[in-house]
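The values are calculated or read from the model by the stated rules, or taken from the named source; none is laboratory data. Owing to the predicted nature of the structure, the values given are computational and were not obtained by experimental measurement. So basically every Cβ, Gly included, is an ideal-geometry build from the backbone, and we count neighbours across all protein chains shown. For the accessible areas, the whole protein counts, side chains as well, though only heavy atoms, and no ligand, DNA or RNA atoms are used. Shrake-Rupley method; radii C 1.70, N 1.55, O 1.52, S 1.80 Å.
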Amino acid sequence: MIVSNATDKTVKKLLINGQSHDVVIRSADLLLDTLRSQLGLTGAKPGCGNGDCGACAVVVDGKPMHSCLSLTIEAVGKSITTIEGLQDSPIQKAFIENWAIQCGYCTPGFIMNCYALSETYPDADDETIEEWMQSNLCRCTGYQEIKEAVKTILQIKKDQRPAQ
Amino acid sequence: MKYYGTTVGKSEQRVDVVGKATGKVKYVGDYHVPGLLHAKLVTSTEAHAWIKSIDTTKAWEVPGVRAIVLGDAFPYHIGPILADRPPLAFKKVRYYGEPIAIIVADSEHQGKLAASLVEVEYEPLPVVNSVKQAFGPDAPIIHEDLGNYTKIISNVYPVPGTNIGSHIKIRKGDFATAWAACEETISATYSFNLSDHAAMETRSTSVEINPDGKVVVHSCTQSPYTIKKVLNQFFNIEVGDVVVHVPVVGGAFGGKGTVQLEPLAYLASKAVGGKMVKLQYEREEDMITAPCHIGVDMTIKLGATKEGEILAGQYTFLIDAGAYTDQAAGITRAMALDCTGPYHIPHVWCDSYCMYTNHPFATSFRGYGHPELTFGIERTMDKFAKQLKIDPVVLRLKNAIKPGHTSPTQSILTAHNIGDAAKCIERAKELIEWDQNKETLVDENIVRSKGISLFWKTSTTATNAQAGVVLTFEADGTLNLNCAAIELGQGTKTVLAQIVAEKLQMNINDIHVNMEVNTQYDPHQWRTVASSTTFLAGRAALLAAEDAIRQLKKTAAIALQCSEEDLEVGGSRVYIKSNPQHAIPFKDVSYGYKFPNGHAVGGQVVGVGTYIQKHLTPMDKETGFGDVGPWWSVGAQAIEVEWNKRDCTYKMLRAVTVLDGGTILNPRAAEQQMRGGMFLGLSWASTESFVFDESAITQNPNFRNYQMIRFGEQPTEYLVDFVETPAADGPYGARGIGEYGVIGAAAALGNSLSRAADVELDHLPLIPELIWQTKKESGR
Amino acid sequence: MIPFNFDYYKPSTAYEAVATYQMAADAGKEVLYYSGGTEFITFARTNQLKADVVIDLKSIPECTVLEQNGSECVIGSAVSLNELVTFNLFPLLGETVKRIADHTSRNKITIGGNVNSRLIYREGLLPFLLADAKVKIARKEKEEIVPLADLYKQEITLEPGSFVVQFIVDHAYTTLPFSTLKKTRMSQVGYPIVTVSALKKDQDIRFAFSGVCQYPFRSFEMEKILSDGTMPEQDRIEQALSKLPGPILHDSYASAGYREFVFKNTLADTLQMMEGNQ
């Protein structure tokens, strides 16, 4: 039984972007805060603290998660990918080339969600894209360019697959 | 013929996107420094009450608490227009969410726990829960001391003994006589509640006070120099002792233009001996403790001939400023000075009131009163067209404002200071296919319909608003662009780089744009608001480039043994006009020229340019007379909706924006702004509103319950086009465009849905329930 | 940022969980079971909830079961909403929970967390109410399986220290015709103004509702009226409305009047779908 007690902080290992990191946490600490303040992984952004906006999205064991809605201790033993672990990916290029970025604050969350989607459902139809992407709010773009970026990525994924 | 084209007019990739796409760019809340202390606020749980007592005993027992600051630490009022707001409430609270105390603690969770343990005893007062109530005869008075508040700018007229924070008047022509002569008249009332900017990045700041007295502020502000001004004006700190740093900002929409949390962080830092203190709002605080977006109740009366020539207009605006006037006092003025919309109306009577209520206080929102104003104007134009049996587009064209007309404040409009309203609406009409099927029955329940709106706006900057640009060179001949314009998503820094690159005829990639603003070394800039940066900073950038060219030529003339007049710049070289092969690269002259024998001349090139507004005046108190803005941008918007008769739900299909933005410097970036603006306007109009209970407590201060348009709910298509009537004063003929996409969106949506549902929809947000309710009340 | 501290336990058996709860409760501590945790975090963050001890149930294998076991479909309480959709053992359940919160949140929200929510919606309950589900409860001495209907009185009422381990649905119910419709104020993501789930067993249509009254419910009285093919649809709906177990909700998402309007439309849509299935 994993235990983390209230009075003292404990050292735990987190597997982030393929590397193991020691973090010193309270059981009440949220994954978002640990990533940002202990590991300097500030790509995940606080937006609502409530799981409503997706700005803090990271990928945990292949699934998009609101890191504001996860205790850090829940992430022990899982594989976490943040935007920092996704350098030079075609997704980032697609967001740039489709002009899907303005203030940029929602961008890492969108990209992480899009990354998980393209890995899970490269054949995603419009309905699935919409279902997934509705988890993220953007206030600048009006979503059209983001939609185009997501579609570009899925197309690239499809093109990359060997013919069956 | 175009006299530009190297980079201006091209869709250059934004300079900020690689950092943003990789999550590497740092926003102010991303900085963590060991030893940083955290401030947490105790906020009011009442909307209007006397503070009887504040007990901090239990809060002090929380480990890590270093200071608790109460209102008596600074019992004075601040404000950008009328100083009516204590940064921390003392004696009285005037809205739910108002800061009462600041906890400073080692860690955020300790501060938060301590904040929850502060016990405040209130004596509740009757609340003012609407502008109508505030304006009524028996309303509780929210500011007993209204007559004693300091006016920070001249155009603010509070009425002591009432809840009127300011009253702005427009009196143009002879309204009463003209009105009496009108053959057709219409009167209509519109209203909507306060709402929020909801930028994705919540407001955040850190402040430290160094032993030498320097106050160092990091903030996500649109107005770094205003922070300096506020700390100087109200806190008696030498203005030169305040240094403000601003990295890129995660969206603002006007909400980060005013100064609210920095004074709190300053008081917090002061309470712990000047240590660095961070104050980062959680979403709930960002929505109601920090300033929000105005509500309005307005009545519009228009009078015209039978043929639809509008002769007279009367406008009464009750603006819900919430508990403090802040920028709502300026919006009250802005709505008055553009009250007619882009129509030639010779006789105008306008009373614009900035009303206190016990709601969260409001500040500027993208469009500065114009999206709100335009909703009323353009809904009325549609109704009037119906009454006059004229096509709504025809009525608008008939009355559209043109050079030779005057604005409500009697500014003379010329071909140089106003865009082409008629051309905009004609183009919008084409894009939305106005003449085809204004209403179509798709099936027995689904109606497709269209709505259109025309709009204008001038930017009411300070009359001495200004900007500056400094260009320095690297040893390789590339250059650095320094300017205090804030990058908040609008792409302003890219456009400035384009202006410089165009003037210098060089590759834009050889310009390094400094994204961060530091008030200590960047030249002063008024603010990054009011769609003014392309104009003000753009003109400064042009002059800075010209200054650099002059210096480059001077040194190159020595190196190339010719006169400066013989020289031209291009491709990061200075060359002889008559023989372009004969040239010297920038890198050999930008740090001075070194002769083969080692002697050097010229010195480094530093290009400096500044620009200040000219010929603007305040408004006359009784008539509004004055030259209030440098130019008016005009535009037209339209939307097609698919509305379901049976359940009153709807989908947005095509959304059109046509703007006369003067020369469009970067088409893709400009389209981004138009789409994003339209989206913001449609989201506000269709779903956004604060909900207050009978005690004026905000019911939905979070994204769970304050709903915005999500992915997939946006219009299926945005169509954007520009009319490019060059602005004589603008850099390469450009006008400001940042706010414009938002302005006519609510009106166009209101018009299309009113047509679809065959009822007059005069309130926002346009949720299906509102349509259902309106239909029910009108018996349809 | 959660302001307070708590002890965190992650037991690997239901027995261990109950024992831990008991031990902490005996020591006078405020104890909470934790499943997806989304509601705990949002409430804790805003000081609406406090706990000294949190017991995470996600490492208990019984709670993460999702399988067809003979004639029974067994659904662990710690299964995430998205897993229910992906594996789709009980399509009505999958379709219903697919409209809860947003997709990313559904990777974290569990079915046990949803049905035990402090909020009034708990749409995940509707399919279980319709399918006469049983629940496996971990109690102090033992685990036992009881009909959900016996425990559900506006909420699942359990004595302190007990928790729902599994939901068990007779396989036969998972293949019946169904419909589930959620209506919101405006955005698709958001709490329901009305959710209507229906399941057709033999010739009878069963109905369960969320968002209409203060709690989710299934009403036999309303089902009887709504299934009465001898009456015109509009009359059935009107009569059924008079049998609601409480007043129609009136809140910041919808007025009671509008909610009634939406409810009637949604009932009509549901009837059309279910009767069209014949």
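Could you work out how far helix A:144-160 tilts from the main Cα principal axis of chain A, as a 0 to 90 degree angle to the nearest 10? Between the helix axis and the principal axis of chain A, the angle is about 90 degrees. Partner lysines whose Cα lies under 26 Å from the Cα of A:Lys78, excluding those fewer than 8 positions away in the same chain, are identified as A:Lys9, A:Lys12, A:Lys13, A:Lys45, A:Lys63, A:Lys157, B:Lys24, C:Lys10, C:Lys58, C:Lys98, C:Lys108.
With R₀ set to 25 Å, the beta-carbon distance separating B:Gln233 from B:Val606 gives a calculated FRET efficiency near 0.20. Relative contact order of the stretch B:1-105, taken over Cα pairs closer than 8 Å and 6 or more residues apart, is 35 percent. Based on Cα contacts under 8 Å between residues 6+ apart, the stretch A:86-160 shows a relative contact order of 49 percent. Quantify how strongly other chains surround peptide A:67-76 by giving the mean number of their Cβ atoms within 10 Å of each of its Cβ atoms. What the average comes to for A:67-76 is 5. Loop-located GluC sites (Glu not before Pro) in the stretch A:60-164 (DSSP state other than H, G, I, E, B) with a sparse environment of at most 16 neighbouring Cβ atoms within 10 Å are absent.
Based on C-alpha pairs under 8 angstrom that are at least 6 apart in sequence, chain B has a relative contact order of 15 percent. Computed over protein heavy atoms with a 1.4 Å probe, the carbon and sulfur contribution to the accessible area of the stretch A:86-160 reaches 45%. Restricting to DSSP H runs of at least four residues, report the calculated mean residue ellipticity at 222 nm for the protein assembly as shown, -39500 (n - 2.57) per run over all residues, nearest 500 deg cm²/dmol. Here the helix-only value at 222 nm equals -8000 deg cm²/dmol.
Within the same chain, aspartates and glutamates fewer than 8 places from B:Lys91 are excluded, and of the rest, those with a Cα less than 19 Å from its Cα are B:Glu46, B:Asp55, B:Asp72, B:Glu119, B:Glu121, B:Glu123, B:Glu144, B:Asp145. Panel values: the protein assembly as shown, Kirkwood radius from alpha carbon pairs, Stokes-Einstein at 25 °C and 0.890 mPa s, translational diffusion coefficient 77 µm²/s. Taken residue by residue and averaged, Cβ atoms of other chains lying within 10 Å of the Cβ of B:761-769 number 3. Measuring nothing but protein heavy atoms, the accessible surface of the stretch A:10-84 at 1.4 Å probe radius is 52 percent carbon and sulfur.
When each of the peptides B:94-107, C:228-241 is scored by how many other beta carbons lie within 10 Å of its residues on average, the order from highest to lowest is B:94-107, C:228-241. Sorting the segments B:728-735, B:299-306, B:352-359 by their mean number of nearby beta carbons within 10 angstrom, highest to lowest, gives B:352-359, B:728-735, B:299-306. When B:Phe692, B:Phe595, B:Phe455 are compared by accessible area of protein heavy atoms, the largest-first order is B:Phe595, B:Phe692, B:Phe455, using a 1.4 Å probe. Calculate how steeply helix C:256-276 sits against the longest principal axis of the alpha-carbon atoms of chain C, using the helix alpha-carbon long axis, and give the answer as 0 to 90 degrees to the nearest 10. Once rounded, the angle reads 70 degrees. Tell me whether the stretch B:1-64 comes out rounded, prolate or oblate; compute the Cα gyration tensor, take square roots of the eigenvalues as a ≥ b ≥ c, and use a/c under 1.5 as the rounded threshold. Here the stretch B:1-64 falls in the oblate category. Residues with beta-carbon under 11 Å from that of B:Pro346, excluding B:Pro346: net charge, scoring Lys, Arg +1 and Asp, Glu -1? Neighbourhood net charge equals -1. Hydrophobic, long helices, defined as DSSP H runs whose alpha-carbon span along the helix axis is 30 Å or greater and whose mean Kyte-Doolittle value is at least 0.0, occur in chain B at B:533-559. What the Cβ-Cβ distance of C:Ala25 and C:Phe87 gives, at R0 = 51 Å and to the nearest 0.05, is a FRET efficiency of 0.90. Run down the lysines and flag those whose C-alpha is under 28 Å from the C-alpha of B:Lys398, throwing out any fewer than 8 positions away in its chain. Hits, sequence-local ones excluded: B:Lys169, B:Lys172, B:Lys301, B:Lys306, B:Lys383, B:Lys386, B:Lys389, B:Lys423, B:Lys429, B:Lys438, B:Lys450, B:Lys457. Projecting the Cα atoms of B:Leu552, B:Val658, B:Val239 onto the charge dipole of chain B, computed from C-beta unit charges around the Cα centre, puts B:Leu552 farthest toward the positive end.
Selection among B:Ser191, B:Val442, C:Leu49 by position relative to the dipole of the protein assembly as shown gives B:Ser191 as farthest towards the positive end (Cβ unit charges, Cα centre).
With the Cα gyration tensor of chain B giving a ≥ b ≥ c as the square roots of its eigenvalues, does the rule (a/c under 1.5 for rounded; else a/b larger than b/c for prolate; else oblate) give rounded, prolate or oblate? Oblate is the answer for chain B, as a/c is 1.5 or above yet b/c matches or exceeds a/b. Each of B:Trp60, B:Trp50 has its accessible area taken with a 1.4 Å probe; listed largest first, they run B:Trp60, B:Trp50. A:Gly62 sits among other residues whose Cβ lies under 11 Å from its own Cβ, and their net charge, with Lys and Arg +1 and Asp and Glu -1, is 0.
Looking at the square roots a ≥ b ≥ c of the eigenvalues of the Cα gyration tensor of the stretch C:1-101, which shape do they give, rounded for a/c under 1.5, prolate if a/b is larger than b/c, or oblate? It is oblate, given that a/c is not under 1.5 and a/b is not larger than b/c.
The residues packed around C:Leu81, meaning those with a beta-carbon under 15 Å from its beta-carbon, carry a net charge of +2 if Lys and Arg are +1 and Asp and Glu are -1. Seen from all directions on average, chain A presents a Cα convex hull projection of 10.7 nm². Shielding value for C:252-259 is 5, the average number of Cβ atoms from other chains within 10 Å of each residue's Cβ.
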